[in-house]
Amino acid sequence: MIYIIFIAISIISYLVQRSLQNKISIYSQEPLDMPLTGRDVAARMLYENGITNVNVTSVQGQLTDHYNPANGTVNLSDVVFSVNSVASAAVAAHECGHALQHAQGYAPLKLRTKLVPVVSFASQWVTWILLAGILLIETFPIVMEVGIGLFALTTLFSLVTLPVEVDASRRAIAWLESSGITSGIKTEHAKDALHAAAYTYVVAALSSLATLMYYVIILLGRRRD
């Protein structure tokens, strides 16, 4: 049964990624009614929300956009930073939504930020510990238990990420519409692009949860034996 779940999640993940790429590609060709690039949108959203200690920078790659609370930067990929489009505005506003969360002490973001160093450590070692745990499950089951504990932290991180991303998108759409940067069908297209991005986090969380269940089943199976 667990293998069927893995296959289903893999298929869904592929479809969700394809859908996101297609929608970003389509909405990247749709210009705003205002001559604003992604950088302009981000700078304006930050300014209008009273955030003056966050810089907007450009990073290489595609879908590499992110907010870094450690150094106070909204990092936009090249195709977002310098392009005028509905997709660029949506992505830029979404990342600024994280900056707003940080400035206002949004609880799920604070929790996710606290988990980052722990999850970073866990991610480096969890695969090897779980592998050792499977090999040594008959003699040293505690190794498997430690591995499951570390993996549970990464699963928790994925689950906490969901409300953080959904809330950032909600803030983005609300501001884009209230500021007049998008309206009508353009707002709907911006919302559609951000919804497609949100589904990737949902699939990632489900995948992590299913994997955690798989390792727990292995451990419980050994104990029943």
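Every read-out reported here was derived from the displayed coordinates using simple, explicitly stated rules and does not represent laboratory data. Everything numeric in this text was worked out from a predicted model, so none of it was measured. Every residue, glycine among them, receives a Cβ derived from its backbone with ideal geometry; neighbour counts consider all protein chains shown.
Worth a mention:
- Where both bridge residues fall in segment 2-224, DSSP classifies roughly 40% of the beta bridges as antiparallel.
- For segment 2-224, alpha-carbon Rg over 2.2 N^0.38 Å: 1.17
- Dipole magnitude of the chain, debye to nearest 20 (Cβ charges: Lys/Arg +1, Asp/Glu -1, about Cα centre): 440 debye
- Over the Cα atoms of segment 88-152, the radius of gyration divided by the Kirkwood radius equals 1.27; this is the Rg/Rh ratio.
- Using θ = phi - 60° in the Karplus curve 6.51 cos²θ - 1.76 cosθ + 1.60, the 3J(HN,Hα) couplings for segment 55-72 round to 9, 9, 10, 10, 10, 7, x, 10, 6, 9, 5, 6, 9, 10, x, 5, 10, x Hz; x is entered for Gly and Pro.
- Set of aspartates and glutamates near Lys23 by C-alpha distance (under 14 Å), chain-local residues within fewer than 8 positions excluded: Glu188, Asp192
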